[in-house]
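The values are calculated or read from the model by the stated rules, or taken from the named source; none is laboratory data. In this text the structure is predicted, and so the values were computed from the model without any measurement. For neighbour counting, all protein chains shown are included, and Cβ atoms are generated from backbone atoms with ideal geometry for every residue, glycine included.
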Amino acid sequence: MRIGVLGSGLMGGKLGSLFARAGHDVIFSYSRTRQKLEHLARDAGARAHVGTPAEAARDADALLLAVHWTRVDDVLAQAGTLTGKVLLTCSLPMSKDDTHLLIGHTTSGAEALAAKVRGAMWYPPSVRFPVRCWFRYSRDVERNRRRTWSFAETTKEQRRQPLI
Ligand SMILES: NC(=O)c1ccc[n+]([C@@H]2O[C@H](COP(=O)([O-])OP(=O)(O)OC[C@H]3O[C@@H](n4cnc5c(N)ncnc54)[C@H](OP(=O)(O)O)[C@@H]3O)[C@@H](O)[C@H]2O)c1
């Protein structure tokens, strides 16, 4: 599968690396420094590459949106037309200083995203755990040489163990 990563920070960088190591073709995009994207791609292996958001979106089977809520409109504009695309996201509708939810009292971030990109299929996974879970899970994956994983499996595994 070809997966474009829109936002390659803590979440996008780690999830994209897991996707690439699981055998998917991944394009990391949308960082303020291209060197960071190149470092991520090198680290994630031969299936990982670097591109612009538009390049990440082009021909992608699925896209991961992983930016702060304040950057959503910008990265979606750079990605171009996403009609018909499958979009996963961990982006939460938080205020600029991350102190409170901007959306979530009468509607949801997922509904706001769906309204921004009509005709796409959005999958906002239940991301309620911090990014350090992914770091530890990826270490487990490498240790056990496992080739496949899923959000549901990850959640279940992480629930069984304390974080620290
Ligand atoms: N971290 C967590 O544990 C966690 C858990 C659940 C959900 N989330 C949600 O997931 C989303 C992404 O979180 P994250 O922790 O991965 O964020 P992050 O580490 O800050 O990554 C955001 C990405 O957007 C990029 N970006 C490009 N232009 C930017 C600009 N002008 N200002 C700021 N960033 C810019 C960043 O670039 P650089 O590479 O240059 O920084 C980075 O690659 C957020 O909505 C967050 O609420 C996070």
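Do you know which residues across the stretch 44-62 are away from the ligand (no atom under 14 Å from the Cβ) and within 23 Å of Thr81 (Cβ to Cβ)? Listed by number, the residues that qualify are His49, Ala54, Glu55, Ala57, Arg58, Asp59, Ala60, Asp61, Ala62.
Scanning the stretch 1-43 for residues that are within 13 Å of the ligand (Cβ to nearest atom), not in a helix (DSSP H, G or I) and not aromatic (Phe, Trp, Tyr) yields Val5, Leu6, Gly7, Ser8, Gly9, Ser29, Ser31, Arg32, Thr33.
With respect to the conditions (1) over 16 Å from Gly12 (Cα atoms); (2) within 16 Å of the ligand (Cβ to nearest atom); (3) not in a helix (DSSP H, G or I), Ser91 falls short on a single one, namely (1).
Would the stretch 79-87 turn up any residue that is within 14 Å of the ligand (Cβ to nearest atom), within 17 Å of Ile3 (Cβ to Cβ) and modelled with pLDDT under 95? Checked the stretch 79-87: at least one residue is within 14 Å of the ligand (Cβ to nearest atom), within 17 Å of Ile3 (Cβ to Cβ) and modelled with pLDDT under 95. I want to confirm something. Restricting to the stretch 54-70 and keeping residues that are more than 11 Å from Trp122 (Cα to Cα) and touching a Gly at 6+ places or on another chain (Cβ under 7 Å), which single residue is surrounded by the fewest Cβ atoms within 10 Å (Cβ to Cβ)? That would be Ala54.
Residue count for the stretch 94-121 satisfying the condition of being within 11 Å of the ligand (Cβ to nearest atom) and among the small types (Gly, Ala, Ser): 2.
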